[in-house]
Amino acid sequence: MFADRATIQVQGGRGGDGCIAFRREKYVPKGGPDGGDGGHGGDLVLVADPDLRDLSAFRFASHFKAERGRHGEGSGRHGRRGVARELRVPVGTQVFERDSGALITDLAHAGARAVVARGGAGGRGNKGYATATRRAPEVAQVGEPGEERWLELRLKLVADAALLGFPNAGKSSLLRAISNAKPKVADYPFTTVSPVLGTVEDAEGRQLTVADVPGLLEGASEGVGLGHEFLAHLERARLLVHLIEADAGAEEIARRRAAIDRELALHGGGLAERPQLVCLSKVDLVDAGEHAPLVAATGADLACSTATGEGIDALRARLFEALAGGEQAAPAAAPEEELAEFLEYRPTGPARRGFRILRDAGELRVAGRDLEARAEELDPEDEGAVARLARELERLGVDRALRAAGARPGDDILVGRHRFTFRPREEG
């Protein structure tokens, strides 16, 4: 099945822990600290792949995590950075924050990349904590977790031209006639239930991509017949080819044309202003002498028949003429300069945490100027004050960070000059 939407969870790799180690060398009894830093976690990256056609790869896999950084080692050896993980998506994929609905990036061109979850920073080794007065620190920093978020992927097909019209207007038959695509064709409405892409080639070897979109109904802009989903696939097409059955009669042709134009305007996305090529299909069902008068009376651009081949070459030529200078499909729903900022997207990432988790002489310590200042003012005999500090630590994510660092219920945790017992809230 064609899938144009998917929801995924992405997470950058966790940073490696810093190392607590001391130089041990013959004839050097006090070599000093030499624990290396942990490596940064790998990023999670989305890449637009022109060989993919939909998001069906995410139907059964929705959680993705990049590699964590390696831990630091003795002799000042720093941990290796985690390998970035790349997820390939079709060209035309838009990426949204699931909860806020905010657009993160628009992968509108082949090769476009977006870092959607940054890896966590690696922890400092004890060598980095050595000072003139503290020559043998037994302190190292725990690596930070990578960014984690839920994303919604929405695919909008990237095509040079798109066929549109009411159900059973002959769109699939026309796509088969002018391109290499082989969509299902049958004599009943809604034969096409998902978008199909085809490549049209002329005698000079130039190519265009044409999309066949399922038939539209009146009210499509309000969601009738999955209208929103199908209309969205028209937004990137540079040209709309509007097919209307020739045997419907001049009056009905005008009504259908107006109805589709109204739905395009109501949907928005620039569809009402998009260039159109109006084609009367199934012209073989009309007397040959009426072809030219019918085209003139309805204001159509041409007429064609996939049954007899009439007008097919002319339509193919009109497509290349209308799209001259556009060898490759390009987005048309927004100006190029607006899309350019998304081609190599790197998020600013989450604000850095206001605390760090350290291993201090075998115990875990929460370090941070603001947290330590609050702990300094704390009266350990005031149960209310202790409870408020515990809630604040949980809100800031300290509990989660301690769990990730290996803390277990009942362990002693150091904050400033105070020692607390780690009692995390049970996760339900």
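Of note:
- Residue count for the range 239-276, restricted to those that are buried (at least 20 other Cβ atoms within 10 Å of the Cβ) and closer than 30 Å to residue 94 by Cβ: 10.
- Pair list, Cβ under 7 Å, 6 or more apart: the range 16-45 residue within 14 Å of residue 79 (Cβ to Cβ) and without any contact (Cβ under 8 Å) to a residue 40 or more places away in the chain, other residue of a type in the set (S, T, N, Q) and open to solvent by less than 20 Å² (accessible area, probe 1.4 Å): none
- For the range 395-428, the tally of residues that are open to solvent by less than 70 Å² (accessible area, probe 1.4 Å) and not aromatic (Phe, Trp, Tyr) stands at 20.
- Which numbered condition residue 184 misses (of (1) in contact with a helix residue (DSSP H, G or I) (Cβ under 8 Å, 6 or more places away or on another chain); (2) part of a loop (DSSP other than H, G, I, E, B); (3) at pLDDT 60 or above; (4) surrounded by fewer than 24 Cβ atoms within 10 Å (Cβ to Cβ)): (3)
- Scanning the range 277-289 for residues that are among the small types (Gly, Ala, Ser) and surrounded by fewer than 14 Cβ atoms within 10 Å (Cβ to Cβ) yields 288, 289.
- Check on residue 294, aliphatic (A, V, I, L, M), modelled with pLDDT of 55 or more and not in a helix (DSSP H, G or I): no
- Where strands (runs of 3 or more DSSP E) sit wholly within the range 62-166, those with at least 3 residues that are open to solvent by 30 Å² or more (accessible area, probe 1.4 Å) occupy 85-90, 148-155.
- In the range 259-291, residue nearest to the chain's Cα centre (by Cα) [restricted to those that are more than 26 Å from residue 317 (Cα to Cα) and assigned to a helix (DSSP H, G or I)]: 267
- Residue count, the range 3-54 (criterion: buried (at least 20 other Cβ atoms within 10 Å of the Cβ) and assigned to a loop (DSSP other than H, G, I, E, B)): 22
- Residue among 75, 62 that is of a type in the set (S, T, N, Q) and either over 30 Å from residue 231 (Cα atoms) or more than 14 Å from the chain's Cα centre (by Cα) (or both): 75
- Test: residue in the range 374-389 that is in contact with a strand residue (DSSP E or B) (Cβ under 7 Å, 6 or more places away or on another chain), of a type outside the set (Val, Ile, Thr), within 17 Å of residue 139 (Cα to Cα) and surrounded by 13 or more Cβ atoms within 10 Å (Cβ to Cβ): no
The values are calculated or read from the model by the stated rules, or taken from the named source; none is laboratory data. These numbers come from a predicted model, not from an experiment. Every residue, glycine as well, gets a Cβ built from its backbone with ideal geometry; the counts of neighbours run over all protein chains shown. Keep in mind that these areas ignore ligands, DNA and RNA; they rest on the heavy atoms of the full protein, side chains included. Shrake-Rupley method; radii C 1.70, N 1.55, O 1.52, S 1.80 Å.
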